[in-house]
Every structure is written in structure tokens, then in C-alpha cells.
1. Between a first residue in segment A:356-369 that is assigned to a loop (DSSP other than H, G, I, E, B) and a second residue that is of a type outside the set (A, V, I, L, M), which pairs have beta carbons less than 6 Å apart while being 6 or more apart in sequence or on different chains?
2. Taking B:V68 as meeting all but one of (1) hydrophobic (A, V, I, L, M, F, W, C); (2) surrounded by fewer than 16 Cβ atoms within 10 Å (Cβ to Cβ); (3) modelled with pLDDT of 95 or more; (4) under 20 Å from the mean Cα position of the chain (by Cα), write down the number of the exception.
3. Are any residues in segment B:93-112 without any contact (Cβ under 8 Å) to a residue 60 or more places away in the chain, surrounded by fewer than 24 Cβ atoms within 10 Å (Cβ to Cβ) and not small (G, A, S), and if so, which ones?
4. Might you let me know whether segment A:64-86 holds any residue that is assigned to a loop (DSSP other than H, G, I, E, B) and under 21 Å from A:F150 (Cβ atoms)?
5. Could you please give the count of residues in segment B:104-134 that are among the aromatic types (F, W, Y) and facing another protein chain (nearest Cβ under 9 Å)?
6. Given the structure, is B:L85 crowded, with 18+ Cβ neighbours inside 10 Å, of a type outside the set (F, W, Y) and in contact with a Gly (Cβ under 8 Å, 6 or more places away or on another chain)?
7. Go through A:G194, A:G130, A:G180, A:G203 for me and flag whichever is small (G, A, S), touching a Lys or Arg at 6+ places or on another chain (Cβ under 6 Å) and surrounded by 14 or more Cβ atoms within 10 Å (Cβ to Cβ).
8. Quick one: A:R321 ticks every box in (1) in contact (Cβ under 8 Å) with a residue 12 or more places away in the chain; (2) away from chain B (no Cβ under 11 Å) bar one, so which box is it?
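The values are calculated or read from the model by the stated rules, or taken from the named source; none is laboratory data. Just so you know, these numbers come straight off a predicted model, no measurement behind them. For neighbour counting, all protein chains shown are included, and Cβ atoms are generated from backbone atoms with ideal geometry for every residue, glycine included.
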Amino acid sequence: MTQALPQQFEQFSEARRAGFLRAKQIKENGGRIAGTFCTFTPSEILDAAGFVSVSLCGTSGETIPAAEAHLPKNLCPLIKSSYGFAVSDKCPYTYFSDLIIGETTCDGKKKMYELLGDLKKVYTLHLPQGTDHDYALEMWLWELRRFIAFLEREYGVSVTPEKLRAAAVARNEERRARCGLMELQKLSPPPMRGHQLFKALEGAGFRFSHDEVVSSLTTLTRDVRAAYDRGERPFPDGVRRILVTGCPIGGVLDKTVGVLEEQGGAVVCFENCSGIKAACRMVDTDAEDILTAIAERYLRIGCPVMTPNPIRAEHLTQLAREYRADGVVEIVLPSCQPYGVESRQIRRLCGELGLPCLQLETDYSPADAGQLTTRLSAFLEML
Amino acid sequence: MRAAVGIDIGSTCAKTAVLDGEQNLVTSFVMPTGWSSVDTAEAIRRRLAEEGFDTAALPCVATGYGRVAVPYADKTVTEITCHGLGALRLFGEPDCAVVDIGGQDTKIIRLSGGAVADFLMNDKCSAGTGRFLEVMASTLGIGPDELCALSGRGGGTSISSLCTVFAESEVTGLIGCGTPKENIAFAVVDSIAEKVASQFRRLESTEGGVYLTGGLCGSPELLAALSRKLGRPVRTCPQARYAGAIGAACRALTIQKSEESV
């Protein structure tokens, strides 16, 4: 007997909560945990080195005051929240992490990792500034090799091509499972609330076992599809279909996506970090040199930390078509320079695509909830 | 008589407009919003009843930040859509830009083909809103209208702080230096116009006329300052203060009140 859908969705949130105990167990059994912050982190390398990865991306305003004792006030809430969790020992995942992986993505983050290094062991990967210079891939490969050498030296492990290839196969499988669920939203009307979808994708990351992640997502995908085929519809026909893009939105989900859907819109696609952008590209597991294939895969992530960043625009164009978006909502966290500046290009792109675009800047506090509701409602009235 | 009611409960003032079936303005009135939007909505209902308009029988749309507090409204619509509709009704230009300076929000709305095509709103900040004007006026010990009127005779002073709290100290400083009141008033109006203009410039492809709605449309000084900053004439009309309520009433005219409730 399969479970009802609401319970299944709930399980993903539970997985996140129960994850703390799992993390503790992993540690007690002699396992190692790596805390990560970014979709650029090459999970395959951590897998091959025997680490269990967990995302430490801060999505709560609760720890921001603690962070502001060390960090400037006008820094993005994600960085402050993440650092605040570490400095106040409020996040068990940060606490249990043997190693934290940072990347030179935005300036705020890379400087924060330096401070984080006083509290935890941190390894910061250097990303190229863009992907259009011919040595970008070569440089990134050097970084990955250097990272592997560090792991091997520091932890006495051996990261072999065979292990990397096996990890890539497994990670691809997980990415396909995520994409499978997300692609259901191409249906019209979409079969899931975007809010539910986001929570499920987020929660899946806290299951820690590859098989469990894949099987839970595949089961959910099958059951959502079955419910849809039985005629269950969370949205009426003709509901306005919204493509969401911008910064990581885990910390502002309720007051943006939640409100948008309460007001009668449907989020059909998340281009953001936890959404399609992080899952849609596969590692070529048949490639002769598996590390090169891994490096190439990660360099194709269209993030505004890259200059220029044509991949995001190409991807958004493709997603808007595939998901038949009626409008685009871009969510930017305050003081996020890469996304904040690129907003102008996104606005122009939406104009070219003939898609109405609403750009919101919001942080983790509830102070602007009323204004956001008005803007989101007005945007839906406009479509 | 076929008619419809539009109610715009803003942060400072509550505006009401009644339109007949041909979209002619039959009556309009404004009252302070006060502490409770619910009480205001009730006061509006009584006032309408006195004038012979029964909110139970007439279609009614509520807008503004207090829109959810009007129990007898048939529908709520955001002030952005309503100001767009209201401006279209008042100025009759389907492709234009509307600037609404409200008590706590300033909105720039682009109309295309008579419908809202794009809009921008100020962030969590009162610079360039009616609240900024109110605070500065109270620092000067005068009313907002008086400040605007006074500004026409001033010049040569500017306020650089966009933050209302900092600007207040800046004004206090200017008073301390003995700067003439009209020059400070000029600086206040100029600051509002500059903030609104900088927001306006963020909205792309704003062709056609520019129209001002909201509580400050009675100030020729602000209109002149804004026109100067934008380099194009900004127009308005006396009823533009009611644009949100008029837009709401326009929307209400499209509602069929259900028969069984009669």
C-alpha cells in the first residue's frame, strides 16, 4: 500500500529533521562528514573519498545576530545565516562536519570561509572567474587534482578513477531522479505545488544514502503522476505558470513562493541552486578521463559568479519554453552583487522573450511580507 | 441606478469613489485611515449609506494595504492594478506611465494597451513617499500641504540623506544653521522628486505621457520638480488622488452581484 501524497511530501521534511540523528550515527560508526555550501562542490570527489556530504546553506534568520558580531551587517543573509550557525553551534550538521568545502564564488562567501576556518577545518576550491577563457577548464582541473591530493594526504584515503566513475554514475542517477520529479511540472496544470516540490528536493539532500534518495524521489514521482492520472489537481486549468530564478531561496520560500501560490499562481520551475540548475547536467561517465568529465560538468553551471554568464540566459530561455512559463519571478537576496547586477540582463532577457518579469529583493526577516504579497498579487493580476 | 463602489484603504488615507454605469464619478470622499482599517471600512459603509449607496446591493472592490479589512467588498484587487485602471479612466491614455506617490509606497506603473505591463515599487524604505514628506513637515512644524506650497518660494538647498531618519537630523541641522524654511521645504520636495525619478528611470521603455496619482497630486511644486527631473511633463488632475478608488470602482463595474442574495 503506497502512502498518500501529503504524507509522502511530509516525509521529506522529516528526513531533514531526522537527519541530525543520522549524522550522529555516521560519526559514531567512524564515518566522515563534509559540509558543503554550493552547487559547484564536486560531490563525486567527496563520495570517492568516503565522505558523506551535507549542505550547510543557512536558510534561517535566527543565527544572523550571532553572525553580525563578526561580519558586516550589509552582507547577504545566506552568508550571515550560514556563518551564524557555525559560530553559535546551532547547526548539528556544521558541528558534525569533519571538513567544510568552500568555493571562491562571491566575495562575501570566500572571505567568510576565511573566518570560518578559525572554527572548523575549511578547504576552499578556487573557481575560474569565467568559462570562456581557454584555460578555465585546465585551471579547474588543477584545483580538483589539488583537492584530491589534499583529501588523500589529510585523511589517508585513495581517490581512484574507478571510485570517481562509480560516484559519477550514482550522482547522475540521483540527478535524473530529481529531474524526473521536477519535469512533472511541465504538465498543464502542474501536478504539484511548487512549494511542495521545493521542500521535497531540499529534504532529499538530508537522506545521506544514495539508494534512499533515489528510491524516495522515484516513488514520489510515480505517485504524483498516478494521482494526476486519477484526476487529482492542485491547480485549476489555465493557472498562471511561473518560472522562478535568482539566488538560493530556501530562506525566503514561504514569503515568496508560498505567497505566490496562495494568491493563485503556480511555480512550475525553479532555476535556482536547489532546483533544475543543480541537477540538469550529467557527468559523461563514458569519458576516457573521468576527472575531466566531472570538471566539465560543474563548469557548465550557469551562476552569476562567472563573468560573463551566458549559460544562465540560455538555460532560462530553454526552461521558459519547456515549462511554458507565463511569467518570471527573480528573487535576489540583499547585498548579493553577482545576482543583483545580473538582474538587469535578466530583465532584458525577459523582455526579449516577451515574458513579464517581477524582480524581488528580500531577506530572511518577515518585515516586508505585506509588500511582497502586494507585488506578487499585482504581478499575477497583470498576467 | 447601476453603480459600483471602489475603496482604497491606504496607509494614511482611505479614499472612496462611486461610479455610475458609464464610469462617471458620482461621488468621492477621503478620510484618515486611523488605527483600524476595519473601523474605517465601517465608517465608509455608513457614509455611503447616508449618500444613498447601499454596499450590500452595489458591487464593491477594495484595494490598498487595508483591502482585506473591508468585509462587504466583493473582491480585493491590488493598488497597482487599481491605479493603472484609475489612471486609464482619468487620463484616457492606454500606453503611458503612472507614478503613484502613496503614504508608504511609491509605485511606477507602465500601462500598455490599457493594462498594467510592468511596475516597480520602492523597497522597505520611506524615501520618496508621503511619509517622508509628513516627517519633514512635522520637523518644520508645518503641515505637508504648507510645506509643498512653501517650497515654491525656496531654492539653493539640498538634503543628501535618502533615509528618513537621517534626513530628519539633516533638516534639524539646517534649521539650526538658520536656513530659511522655504529653502528647506524646497530641498524636501526636491529630494522626493529625485528619489521618485531615480525609481522611474529603472523602468524601461516608458513611452507616452507620465501621470501622477495619489495624495501629492494637489501639489504643483512637486509636479514641477518631478517634470524637471524626468525631463518631460508630468500631468495630473484633481481626481487623481482617487485614482486607486476609481480604478477599484471600474473593476467593480465588471462584477455581477449574485441575484440570490437580494
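1. Qualifying pairs under 6 Å: A:P356/A:G327; A:T362/A:D368; A:D363/A:P77; A:D363/A:P334; A:Y364/A:G61; A:Y364/A:P77; A:Y364/A:G251; A:S365/A:G61.
2. (3)
3. B:P94, the sole residue that qualifies.
4. Among the residues of segment A:64-86, not one is assigned to a loop (DSSP other than H, G, I, E, B) and under 21 Å from A:F150 (Cβ atoms), which makes the answer no.
5. To start, the set of residues in segment B:104-134 that are among the aromatic types (F, W, Y) comprises B:119, B:132.
So of that shortlist, the ones also facing another protein chain (nearest Cβ under 9 Å) come out as B:119.
So the count comes out to 1.
6. Details: crowded, with 18+ Cβ neighbours inside 10 Å: yes; of a type outside the set (F, W, Y): yes; in contact with a Gly (Cβ under 8 Å, 6 or more places away or on another chain): yes.
Taking the combined requirement at face value, the residue satisfies it.
7. A:G203
8. A:R321 satisfies all of (1) in contact (Cβ under 8 Å) with a residue 12 or more places away in the chain; (2) away from chain B (no Cβ under 11 Å) except (1).
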